[in-house]
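The values are calculated or read from the model by the stated rules, or taken from the named source; none is laboratory data. Keep in mind the model is a prediction, meaning the values are calculated, not measured. In this analysis, Cβ positions are derived from the backbone assuming ideal geometry, glycine residues included, and neighbour counts consider all displayed protein chains. Surface areas here come from the heavy atoms of the whole protein model, side chains and all, with no ligands, DNA or RNA. Shrake-Rupley method; radii C 1.70, N 1.55, O 1.52, S 1.80 Å.
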Amino acid sequence: MMNLDARTVSLEHRLQTASFRKLSVVIPVYNEAENLEPLCAELEQAVGPLNIESEWIFVDDGSSDDSVARLRRLKHRFPAIRIVKLRRNFGQTAAMQAGFEKSAGDVVVSMDADLQNDPRDIPCLLKKLEEGYDLVCGWRRDRKDPWISRNLPSKMANWLIRRVIGTRIHDNGCSLKAYRGELVRMLRLYSDMHRFIAAVSAMSGARIGELIVTHRARKHGASKYGISRTFKVLSDLFALKLIARFGSKPLLGFFTLALPFGLPGFLLLVFVLWHRLGSSPQPMRVVNETVALLFIGTWCFLLLLGLIGEMAINATRPRLKDGAQLILEELKGGN
Amino acid sequence: METKAVQALPIPTEYEGDRVPHISVVVPVVERFDDLERLYKDFSAEISKVTDDFEFVFIVEPSQFGALASLRRLMAGEPRVRLFRFNSSFGEAAALAAGLSRARGEFIFTLASYYQVRPETFRQVYELLNQNKDVVVTRRYPRIDSNFGRFPSFVFHWIASRLSGIAFHDGSCGFRGIRREAARELTVYGDLHPFLPALANRQGYRVVEINALQHPLDTRAGVRGPGAYASRLLALFTLFFLMKFIKKPLRFFGAVGAATAFAGFSICLYLTVLRLFYGSALADRPLLMLGVLLLLGGVQTVGIGLIGEILVFSHARESKDYQIESIME
């Protein structure tokens with residue numbers, strides 16, 4: 001509340017956002033009935049003065065409370081509301097993707113419905129986006145969550161993602177993000193990928209910025225996350241890293257992976273043969289050959305997998321080409 | 001691919017264009033068939049009590065060539081019968097999928113080509129579809145045929161129900177009712193048709209199972225060769241994978257592979273220590289082989305998981321993670 005003034009939208013800023021024609025706010029909702037009305041009021045306050053056409057897409061992710069009914073009622077007061085109701089609970093990533101797909105704006109903002117994000121950050125995000133970014137991520141530097149169960153694991157995960165993927169984003173878990181429409185149309189989120197949006201965007205060449213946003217403590221409802229996802233994050237991160245590095249050339253990737261097995265295998269084989277066939281044959285056990293052949297077998301197996309990988313991505317080559325074209329267009333538009 | 005595989009025989013003209021019948025009945029004629037004319041008469045008589053606005057869609061595999069003659073005869077007098085013929089054998093799930101995609105009715109029923117349930121069951125299923133259920137499956141209960149071979153089926157359904165989180169007891173009972181929207185979205189392939197309720201539930205449709213009276217002539221159910229059980233077991237495994245890891249194969253292969261490789265690595269480390277510091281010979285120890293095999297097998301498993309990830313990633317655009325029920329503008 002106290003830094004309200006700093007956030008009030010200036011006239012200068014209002015003129016700048018005119019370069020965007022339509023704003024879509026995508027908000028996944030899962031049992032957030034209590035929070036919806038204050039959220040809409042805050043959104044109206046924050047987005048209203050921007051002088052830009054806006055739609056608020058609430059994606060109901062199979063809520064069991066009366067979230068949808070409340071949204072319907074709110075729609076009379078806030079005509080910008082659009083409701084996308086999913087058949088059941090499909091998870092945050094799927095809900096976000098559904099919202100993205102139904103969004104029409106040339107600028108899209110995603111945020112949580114739990115009021116922990118502050119809609120007043122939206123104008124700042126848009127402004128930052130105009131500086132020439134495709135994606136601006138919120139950074140909850142001053143997080144209002146339990147430290148041990150939420151903040152610490154998140155800090156560790158973010159550190160790991162920074163190290164492994166190389167994006168300089170401090171807070172990958174923050175839902176409050178602003179995207180250019182073209183980026184959103186290109187993104188295809190699945191499984192639990194909402195944690196890696198910045199990483200995936202960076203892979204397709206997006207320019208990524210970061211902005212410190214406010215984070216508030218939860219008032220209504222319960223948090224839907226726990227600590228039990230470490231292995232999932234690790235496994236996803238590993239997969240993403242390898243796809244980022246070798247996704248377009250799997251054979252090379254698997255060749256690299258196979259090297260530590262092929263090399264010792266061949267060396268051992270040479271050593272064994274040298275001993276057996278050399279000038280003074282020495283008695284040796286079969287075990288050496290067996291181990292050498294096992295290693296070489298694994299090496300062959302991994303190379304063959306690499307070939308399968310090549311087949312897999314070649315079937316979808318046009319898609320990769322589309323991505324390249326999009327980035328070319330963006331460069332033209334940016335300058 | 002699929003459109004090429006199915007060859008349309010002449011369709012009665014009254015049903016062409018945008019006309020949508022109230023009820024479609026899809027009959028895949030795949031494994032075996034009883035008197036199809038009688039089957040048609042029994043069920044159409046029951047349907048007629050509700051509406052005359054229905055169609056029957058028969059999908060015939062080439063292996064069931066004998067069925068074509070009687071179906072053509074049936075078609076001659078009945079404009080409500082449509083007949084499709086596969087030009088190659090693709091199995092029951094493919095025939096079912098082809099039928100579901102060609103049925104035009106608002107409520108789509110599937111019916112086995114042999115006697116399974118009494119025609120009166122239609123009414124029950126129809127009522128439930130009217131009560132806003134998306135998918136209604138039937139269970140032949142109480143059974144009148146022999147109990148021989150029921151036990152594997154019981155185990156099979158128990159596991160399948162556990163895995164999918166929805167209880168169903170008779171996946172091979174072919175009489176089901178499906179709303180058109182659900183039928184359009186459901187993908188049934190391979191040997192997955194017994195899991196239709198589980199697949200539908202996963203997509204978020206309202207699924208319900210009812211007890212149906214078994215047809216007095218249904219005597220061959222439950223007797224299967226070992227091949228059928230093997231394929232069902234594999235289907236069960238497929239279901240498990242589909243439910244848990246279809247979008248994240250590395251979570252499965254990675255866990256299995258990493259555990260295996262770690263075990264192998266530990267064994268090798270232990271043996272290395274023995275060799276280096278205690279000077280014991282390794283060549284005679286089978287443990288060395290085990291360690292090396294586990295290590296390498298684990299690495300290969302992780303590699304397969306990575307291939308899976310590449311596949312999922314590069315096909316992400318075509319696949320859909322969610323089902324929209326409605327949009328309110």
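Give just the number: which of (1) over 17 Å from A:LEU115 (Cβ atoms); (2) assigned to a helix (DSSP H, G or I); (3) charged (D, E, K, R) does A:ARG70 not satisfy?
(1)
Restricting region B:293-304 to residues that are of a type outside the set (Val, Ile, Thr) and more than 8 Å from chain A (Cβ to nearest Cβ), which is least open to solvent (accessible area, probe 1.4 Å)?
The selected residue is B:GLY298.
Can you say whether A:ALA244 is touching a helix residue (DSSP H, G or I) at 6+ places or on another chain (Cβ under 6 Å), more than 16 Å from A:THR93 (Cα to Cα), at pLDDT 85 or above and within 14 Å of chain B (Cβ to nearest Cβ), as far as the supplied structure shows?
Against the criterion (touching a helix residue (DSSP H, G or I) at 6+ places or on another chain (Cβ under 6 Å), more than 16 Å from A:THR93 (Cα to Cα), at pLDDT 85 or above and within 14 Å of chain B (Cβ to nearest Cβ)), A:ALA244 does not qualify.
Condition first: open to solvent by less than 20 Å² (accessible area, probe 1.4 Å) and in contact with a helix residue (DSSP H, G or I) (Cβ under 8 Å, 6 or more places away or on another chain). Now tell me which residues in region B:157-185 satisfy that.
Within region B:157-185, B:ALA160, B:SER164, B:PHE168, B:ASP170, B:GLY171, B:PHE175, B:ARG176, B:GLY177, B:ILE178, B:ALA182, B:ALA183 meet the criteria.
Tally up the residues in region A:228-240 that are more than 9 Å from chain B (Cβ to nearest Cβ) and surrounded by fewer than 17 Cβ atoms within 10 Å (Cβ to Cβ), please.
The qualifying residues number 3.
Could you say which residue among A:PHE266, A:PHE271, A:PHE301 is at pLDDT 70 or above, surrounded by 17 or more Cβ atoms within 10 Å (Cβ to Cβ) and part of a helix (DSSP H, G or I)?
Going through A:PHE266, A:PHE271, A:PHE301 in turn, the sole match is A:PHE301.
Within region B:53-161, which helices (runs of 4 or more DSSP H) (wholly inside it) include 2 or more residues that are β-branched (Val, Ile, Thr)?
Per the criteria, B:121-130.
Which of the residues that make up region A:121-142 are open to solvent by less than 40 Å² (accessible area, probe 1.4 Å) and either β-branched (Val, Ile, Thr) or in contact with an Asp or Glu (Cβ under 9 Å, 6 or more places away or on another chain) (or both)?
Answer for region A:121-142, where residues must be open to solvent by less than 40 Å² (accessible area, probe 1.4 Å) and either β-branched (Val, Ile, Thr) or in contact with an Asp or Glu (Cβ under 9 Å, 6 or more places away or on another chain) (or both): A:ILE122, A:ASP134, A:VAL136, A:CYS137, A:GLY138, A:ARG140.
Restricting attention to region A:141-182, which residues are aliphatic (A, V, I, L, M) and touching a residue at least 60 places away in the same chain (Cβ under 8 Å)? Outline the logic, then answer.
Initial filter on region A:141-182 (aliphatic (A, V, I, L, M)): A:148, A:152, A:156-157, A:160-161, A:164-165, A:169, A:176, A:178.
A:ALA157, A:LEU160, A:ILE161, A:VAL164, A:ILE165, A:LEU176, A:ALA178, listed by residue number.
Kindly evaluate B:ASN211 against the criterion of being open to solvent by 40 Å² or more (accessible area, probe 1.4 Å) and touching a Lys or Arg at 6+ places or on another chain (Cβ under 8 Å).
yes
Farther than 20 Å from A:ASP60 by Cα and within 14 Å of chain B (Cβ to nearest Cβ), is that true of A:MET186?
Yes, satisfied.
Yes or no, residue by residue, for (1) more than 7 Å from chain A (Cβ to nearest Cβ); (2) surrounded by 19 or more Cβ atoms within 10 Å (Cβ to Cβ); (3) charged (D, E, K, R):
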{"site": "B:LEU306", "(1), (2), (3)": "no, yes, no"}
{"site": "B:LEU311", "(1), (2), (3)": "no, no, no"}
{"site": "B:LYS320", "(1), (2), (3)": "yes, no, yes"}
{"site": "B:ILE324", "(1), (2), (3)": "no, no, no"}
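Restrict the check to region A:101-110 and report whether at least one residue is free of Cβ contacts under 8 Å to residues at least 60 places away in the same chain, within 8 Å of chain B (Cβ to nearest Cβ) and part of a helix (DSSP H, G or I).
Looking only at region A:101-110, we keep the residues that are free of Cβ contacts under 8 Å to residues at least 60 places away in the same chain, and these are A:101-102.
Add one more test, that the residue is within 8 Å of chain B (Cβ to nearest Cβ), and what stays is A:102.
Those still in the list that are part of a helix (DSSP H, G or I) too: A:102.
So far as region A:101-110 goes, yes, one or more of its residues are free of Cβ contacts under 8 Å to residues at least 60 places away in the same chain, within 8 Å of chain B (Cβ to nearest Cβ) and part of a helix (DSSP H, G or I).
Conditions: (1) under 44 Å from the mean Cα position of the chain (by Cα); (2) farther than 30 Å from B:LEU186 by Cβ; (3) assigned to a loop (DSSP other than H, G, I, E, B); (4) hydroxyl-bearing (Ser, Thr, Tyr). B:SER280 meets all but one. Number of the miss?
Evaluating B:SER280 over (1) under 44 Å from the mean Cα position of the chain (by Cα); (2) farther than 30 Å from B:LEU186 by Cβ; (3) assigned to a loop (DSSP other than H, G, I, E, B); (4) hydroxyl-bearing (Ser, Thr, Tyr) leaves (1) as the failure.
Please state which of the following conditions B:ARG162 fails to meet, knowing it meets all the rest: (1) under 30 Å from B:GLY225 (Cα atoms); (2) in contact (Cβ under 8 Å) with a residue 40 or more places away in the chain.
It is condition (2) that B:ARG162 fails.
Within region B:34-61, track down each residue that is out of contact with any helix residue (DSSP H, G or I) (no Cβ under 7 Å at 6 or more places or on another chain) and not charged (D, E, K, R).
Within region B:34-61, B:LEU39, B:SER44, B:ALA45, B:SER48, B:THR51 meet the criteria.
For A:SER204, state whether it is open to solvent by 50 Å² or more (accessible area, probe 1.4 Å) and modelled with pLDDT under 85.
On the way: open to solvent by 50 Å² or more (accessible area, probe 1.4 Å): no; modelled with pLDDT under 85: yes.
In short, no.
When residues of region A:8-30 are filtered for being within 30 Å of B:ARG202 (Cβ to Cβ) and either at pLDDT below 90 or not in a loop (DSSP other than H, G, I, E, B) (or both), how many remain?
Residues in region A:8-30 being within 30 Å of B:ARG202 (Cβ to Cβ) and either at pLDDT below 90 or not in a loop (DSSP other than H, G, I, E, B) (or both): 6 in total.
For A:GLN45, state whether it is over 19 Å from the mean Cα position of the chain (by Cα) and either open to solvent by less than 10 Å² (accessible area, probe 1.4 Å) or more than 19 Å from A:ASP192 (Cα to Cα) (or both).
Numbers: over 19 Å from the mean Cα position of the chain (by Cα): yes; either open to solvent by less than 10 Å² (accessible area, probe 1.4 Å) or more than 19 Å from A:ASP192 (Cα to Cα) (or both): yes.
Judged against the criteria, A:GLN45 is a match.
In region A:77-100, is there at least one residue being more than 14 Å from chain B (Cβ to nearest Cβ), hydrophobic (A, V, I, L, M, F, W, C) and part of a helix (DSSP H, G or I)?
Within region A:77-100 (the criterion being more than 14 Å from chain B (Cβ to nearest Cβ), hydrophobic (A, V, I, L, M, F, W, C) and part of a helix (DSSP H, G or I)), the answer is no, since none of the residues qualifies.
Being surrounded by fewer than 21 Cβ atoms within 10 Å (Cβ to Cβ) and basic (Lys, Arg) narrows it down to one of B:ARG102, B:ARG82, so name that one.
On inspection, the qualifying residue turns out to be B:ARG102.
Conditions: (1) within 13 Å of another protein chain (Cβ to nearest Cβ); (2) aliphatic (A, V, I, L, M); (3) more than 11 Å from A:PRO28 (Cβ to Cβ). A:ILE52 meets all but one. Number of the miss?
Just one mismatch for A:ILE52, condition (1).
Just the residues that are aliphatic (A, V, I, L, M) and in a loop (DSSP other than H, G, I, E, B), please, taken from region A:144-186.
Answer for region A:144-186, where residues must be aliphatic (A, V, I, L, M) and in a loop (DSSP other than H, G, I, E, B): A:ILE169, A:LEU176.
Does region B:1-58 hold any residues that are among the small types (Gly, Ala, Ser), within 26 Å of the chain's Cα centre (by Cα) and either at pLDDT 70 or above or open to solvent by less than 50 Å² (accessible area, probe 1.4 Å) (or both), and which are they?
B:ALA5, B:SER24, B:SER44
Considering only residues that are at the interface with another protein chain (Cβ under 7 Å from one of its Cβ atoms) and touching a residue at least 12 places away in the same chain (Cβ under 8 Å), which ones fall in region B:282-292?
If the condition is that a residue be at the interface with another protein chain (Cβ under 7 Å from one of its Cβ atoms) and touching a residue at least 12 places away in the same chain (Cβ under 8 Å), then B:LEU288, B:VAL292 are the ones that fit.
Please specify each residue of region B:255-281 satisfying the condition of being at pLDDT below 90 and within 11 Å of chain A (Cβ to nearest Cβ).
B:ALA281
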